[in-house]
Amino acid sequence: MSDHRTIAPGASHEEFWDERYETSERIWSGEPNTVLVRETTGLPPGRALDLGCGEGADAVWLAERGWQVTATDISRVALGRAARHAREAGVADRVDCQWHDLTVTFPTGGFDLVSAHFLHAPTASFPRERILRPAAAAVVPGGTLLIVGHAGHHEPTDLRLPTTEEVLASLELPEGEWEVLLSEEHERHQTDRDGRQITRTDNALKVRRLPV
């Protein structure tokens, strides 16, 4: 999840995201993230965890390919849309939508794939690393952690977002237990709210927990 707006004083992250989703019938494209598609195609399906699932495009795409997906978000509005998307796609039995404020509670169990795409909030106080460390811990041996985010500075708050090297360091992964499969920056072209074509710089980190 990501957004360019700021959180109003006194508002919670849950209130911010519920309000954001309620501004429109659909916020995102309904298509899976391109890096998810590229980096998970060919992986044997198993249990997947989608952190900050939004309206459910990634979770549904994975479920359509045989994954059993736990999809989480802080917005109950978003989760309702994700559940509806799964039903309409015929994969409701393979997508378990769970509400979590990931700074407080975290899904239980181990996962063959943990995906965190654009898990940001427009505030410097958002403790992203406190979410990503449990995310790494939830990956079973042989499993994959995929983290994709915006890079550089995030307007208008001018938040500085971490590099993949900084994300990797913040995970505090035990030495000798993980391998880095991908660490890159890439450009993404999109249309902003005013209809203008803009280019963003994103980054992606993919690490694999070594089999026991």
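The values are calculated or read from the model by the stated rules, or taken from the named source; none is laboratory data. From a predicted model like this one, the values you see are computed outputs, not experimental measurements. Please note: Cβ atoms are built from the backbone with ideal geometry, for glycine as well, and neighbour counts cover all protein chains shown. SASA here: full protein model, heavy atoms, side chains in, ligands and nucleic acids out. Shrake-Rupley method; radii C 1.70, N 1.55, O 1.52, S 1.80 Å.
Of all residues in the range 100-122 being without any contact (Cβ under 8 Å) to a residue 60 or more places away in the chain, surrounded by fewer than 22 Cβ atoms within 10 Å (Cβ to Cβ) and touching a strand residue (DSSP E or B) at 6+ places or on another chain (Cβ under 7 Å), which is nearest to Leu43 (Cα to Cα)? For the range 100-122, the residue satisfying everything is Pro107.
Here is a check on your reading of the model: is Pro156 open to solvent by 30 Å² or more (accessible area, probe 1.4 Å) and at pLDDT 65 or above? For Pro156, the condition - open to solvent by 30 Å² or more (accessible area, probe 1.4 Å) and at pLDDT 65 or above - is not met. Taken over the range 53-77, the criterion of being of a type in the set (A, V, I, L, M, F, W, C) and within 12 Å of Gly30 (Cα to Cα) is satisfied by Cys53, Ala57, Ala59, Val60, Trp61. In the condition set (1) of a type outside the set (Val, Ile, Thr); (2) in contact with a Gly (Cβ under 7 Å, 6 or more places away or on another chain); (3) open to solvent by 40 Å² or more (accessible area, probe 1.4 Å), Ser12 is compliant with all but (2).
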